[in-house]
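Participant: Dropping the structure in here first, questions after.
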Amino acid sequence: MAEQPARPIIVKKIKKTAGGHHGGAWKIAYADFVTAMMAFFLLMWLLGSASKGQLAGIESYFKTPLKVALMGGPSAGASDSVLKGGGKDLTRKQLQVKPKDGSKEKEKQPELKDVSKAEMKKALAAKEKAQLESLKEKIEETISSSETLKKFKNQLLLDITSEGLRIIIVDEQNRPMFNSARAELQPYAKTILQEMGHMLNDVPNRISLSGHTDATPFSTGGAAYSNWELSSDRANASRRELVAGGMDEHKLMRVVGLASAALYDKENPFNPINRRISIIVMNREAEERVINDESAVKVNDETEAEALLEEVSARADVMAEIESDG
């Protein structure tokens with residue numbers, strides 16, 4: 001038999017090439033798509049499981065978040081609701097009560113109503129009073145810890161009035177703020193006022209300043225210059241020292257001299273404590289009375305009410321910064 005010719009050995013090599021940018025990018029995109037769809041269906045499930053009251057509360061919160069945060073109210077929910085803050089629980093239903101006449105009474109559905117202006121003003125006033133109380137405590141701590149002011153502590157009186165936080169600097173029997181029948185401040189009184197000006201400059205509220213004398217008639221006894229002029233001059237001298245201490249002069253809204261018309265010690269009109277300088281960190285209502293020369297703040301519409309909320313909230317933020325700095 002004839003021999004078969006040798007066949008050539010053929011080696012078949014398969015060359016593998018990478019997919020380049022089309023290799024695995026689609027997998028990442030698909031994973032993102034699946035994640036987004038999972039989040040979407042999870043959101044749909046949560047919304048479907050929430051009650052109508054909870055959904056209404058969430059909707060009201062996003063419409064007026066500042067009002068809910070400040071005042072709670074019907075849209076804030078109850079302690080076991082989605083949104084904390086007190087108020088009526090919108091998830092609870094009232095039981096039907098059959099009237100005596102036998103007619104069917106429809107179940108009352110809770111309604112979301114805006115807080116009345118009177119309630120809003122009351123809540124804002126309470127919030128602002130709390131801020132001024134906090135400022136009062138901070139100033140008292142500063143006086144106690146300051147080597148400059150500590151020795152004058154008995155002459156610095158602080159209280160809360162209808163107009164705001166009142167800081168009174170009074171005379172002592174052996175330590176008057178002014179020379180007798182003069183409007184020139186003693187050096188120690190200048191120091192007190194300059195320190196006060198530095199502290200009050202960071203406060204967002206406006207300032208009222210008044211000068212007072214006791215009931216002792218002015219020494220000259222003339223009508224050209226009396227305790228009225230003297231108390232006004234002393235108030236302005238105090239204003240200059242507050243500004244010298246670093247307080248912005250535009251924060252002052254009112255500088256007046258009241259002579260002995262508003263005695264601190266009404267039982268003893270000649271008491272040295274009646275000779276004083278009164279500094280008031282005014283609340284918003286007092287500021288409005290000075291600006292409008294009216295007896296009360298007027299909230300004309302919803303827009304102005306919202307502006308009230310925003311302004312008080314802004315003041316609260318400034319007060320919080322002052323406390324954190326202290």
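Participant: Give the residues of region 160-211 that are within 13 Å of residue 278 (Cβ to Cβ) and touching a Pro at 6+ places or on another chain (Cβ under 8 Å), sorted by residue number.
Facilitator: Within region 160-211, 170, 171 meet the criteria.
Participant: Run residue 51 past the list (1) loosely packed, with under 10 Cβ neighbours inside 10 Å; (2) at pLDDT 80 or above and report the number of the one that doesn't hold.
Facilitator: (1)
Participant: Still on this model: Are any residues in region 265-290 closer than 16 Å to residue 132 by Cα and in a helix (DSSP H, G or I), and if so, which ones?
Facilitator: Correct list: 284, 285, 286, 287.
Participant: Only residues that are on the phi < 0 side of the Ramachandran plot, among the small types (Gly, Ala, Ser) and in a strand (DSSP E or B): list them for region 153-179, please.
Facilitator: None; the set is empty.
Participant: Sticking with this structure for a sec: Quick one: how many residues across region 156-212 are among the basic types (Lys, Arg) and in contact with a strand residue (DSSP E or B) (Cβ under 9 Å, 6 or more places away or on another chain)?
Facilitator: Residues in region 156-212 being among the basic types (Lys, Arg) and in contact with a strand residue (DSSP E or B) (Cβ under 9 Å, 6 or more places away or on another chain): 2 in total.
Participant: Sticking with this one: May I ask you to say which residue of 262, 296 is in a loop (DSSP other than H, G, I, E, B) and at pLDDT 65 or above?
Facilitator: After applying the criteria, what remains is 262.
Participant: Now for a different question. Hey, can you tell me all the residues within region 194-220 that are closer than 22 Å to residue 265 by Cβ and touching a residue at least 24 places away in the same chain (Cβ under 8 Å)?
Facilitator: 208, 209, 210, 211, 212, 213, 214, 215, 216, 218, 219
The values are calculated or read from the model by the stated rules, or taken from the named source; none is laboratory data. Just so we're clear, the structure is a prediction, and the values are computed from it rather than from any experiment. Positions of Cβ are backbone-derived with ideal geometry, glycine not excepted, and every protein chain shown enters the neighbour counts.
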